[in-house]
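The values are calculated or read from the model by the stated rules, or taken from the named source; none is laboratory data. All figures in this text were calculated on a predicted structure; none of them were measured in a lab. So basically every Cβ, Gly included, is an ideal-geometry build from the backbone, and we count neighbours across all protein chains shown.
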Amino acid sequence: MTESNTHREVILEISNLQKSFGSNKVLDNFNLRLFRGENLVVMGKSGSGKSVMVKCLVGLMEPNSGRITINNKDITSLNQESLDILRTEIGFLFQGSALYDSMTVRENLEFPLRKHKKRLQINETTEHLVQQALKSVGLSSALDLMPSELSGGMKRRVALARALILNPSIIIYDEPTTGLDPITAKEIIALMKSIQSSYGTSALIITHDVDCARVVADRIILLIKGKNYIEGSFQELSSSTDLQVRAFFK
Ligand SMILES: Nc1ncnc2c1ncn2[C@@H]1O[C@H](COP(=O)(O)OP(=O)(O)OP(=O)(O)O)[C@@H](O)[C@H]1O
Ligand SMILES: [Mg+2]
């Protein structure tokens, strides 16, 4: 932990997270702190447990043990209603976009609003919020298209618009650039930067894309063998002499 971190507000914290599947120990005392406003990148090899960690975070998977706090609230101690409210604080960009294929872009974006708008006491009209979210990802023209009519990059943008629509304080990106060509990947990376600066959102970014990490990361954690092996800036990690660290930045 660097000196400057001690004064910053922790918005999300994972402590001693353990998750096994049978004898497969995927997360083994994993720890992470996300500070308000920062872009934190978690890198790890395929199968190292990044998606498992994210699923535990958003309550799609139950860890064996450990503590997860979001805005200082322990998510395991909350009842269903409080948990649902807390979840609206988190926008989630799933690995591979995960749009509903039978719904138009508009309907995909309306979905989280329909579920939570009343409870969150949002006054703007659904129509306005949908248009605003699409505009923020540069896709206003796609409103009435079906996901099958979109390119991979467009799908990713729509998924991002959907993740942003409830104005979350935290956004989690699981492999935001995977499967995209280098130019489209660059556009998504630029969009992630601009979301950080224009919305002040704190982001947890799971990626093994070194270019993505270089551009977006304020800090990087390497997940190796279930643990946070090392953390630091891109500069620090990419100049490390540790062989396991170097393997990521070749
Ligand atoms: N539901 C499940 N049941 C059993 N094992 C699982 C389950 N989900 C994940 N695993 C195992 O947990 C390990 C970590 O998987 P995970 O999907 O988190 O990897 P990842 O780091 O996200 O990989 P990638 O970079 O390929 O997305 C793998 O060994 C996987 O087989
Ligand atoms: Mg994954």
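Structural remarks
- Residue ID - nearest to V215 (Cα to Cα), chosen from residues in the range 38-54 that are of a type in the set (G, A, S) and surrounded by 17 or more Cβ atoms within 10 Å (Cβ to Cβ): G44
- The residues in the range 81-128 that are away from ligand 1 (no atom under 16 Å from the Cβ), part of a loop (DSSP other than H, G, I, E, B), surrounded by 15 or more Cβ atoms within 10 Å (Cβ to Cβ) and among the polar types (S, T, N, Q) can be counted, and the count is 2.
- The single condition from (1) over 24 Å from S169 (Cα atoms); (2) of a type in the set (D, E); (3) at pLDDT 90 or above that E62 fails is (1).
- Matching residues in the range 148-189 - criterion: being among the hydroxyl-bearing types (S, T, Y) and under 15 Å from G138 (Cα atoms): S151, T184
- Filtered residues of the range 213-225 (kept if touching a Phe, Trp or Tyr at 6+ places or on another chain (Cβ under 6 Å) and closer than 22 Å to N24 by Cα): L222
- Matching entry among R8, R33 (being at pLDDT 95 or above and closer than 21 Å to I195 by Cα): R33
- One residue stands out in the range 168-210 among those that are farther than 21 Å from R87 by Cβ and acidic (D, E): the one that is nearest to ligand 1 (Cβ to nearest atom), namely D209.
- Filtered by the rule that a residue be near ligand 1 (Cβ under 10 Å from one of its atoms) and out of contact with any strand residue (DSSP E or B) (no Cβ under 9 Å at 6 or more places or on another chain), the range 8-54 gives F21, G22, N24, S46.
- Scanning the range 14-54 for residues that are within 16 Å of ligand 2 (Cβ to nearest atom) and in a loop (DSSP other than H, G, I, E, B) yields G44, K45, S46, G47, S48, G49.
- Sole exception among (1) surrounded by fewer than 22 Cβ atoms within 10 Å (Cβ to Cβ); (2) modelled with pLDDT of 90 or more; (3) not assigned by TED's automatic domain parsing to the domain that holds V54 for L134, by number: (1)
- Contact annotation: residue pairs with Cβ atoms under 7 Å, 6 or more positions apart or on different chains, pairing a residue in the range 107-134 that is farther than 22 Å from L86 by Cβ with a partner that is among the aromatic types (F, W, Y), are N108/Y100.
- Scanning the range 137-173 for residues that are within 15 Å of A213 (Cβ to Cβ) and surrounded by fewer than 22 Cβ atoms within 10 Å (Cβ to Cβ) yields a count of 0.
- Residues within the range 55-66 that are within 16 Å of ligand 2 (Cβ to nearest atom), exposed (fewer than 15 other Cβ atoms within 10 Å of the Cβ) and not in a loop (DSSP other than H, G, I, E, B), tallied: 0
- Scan of the range 34-79 for residues that are closer than 27 Å to T177 by Cα and among the β-branched types (V, I, T), ordered by number: V41, V42, V52, V54, V58, I68, I70
- Within the range 14-30, being crowded, with 16+ Cβ neighbours inside 10 Å and within 19 Å of the chain's Cα centre (by Cα) holds for I14, L17, L27, F30.
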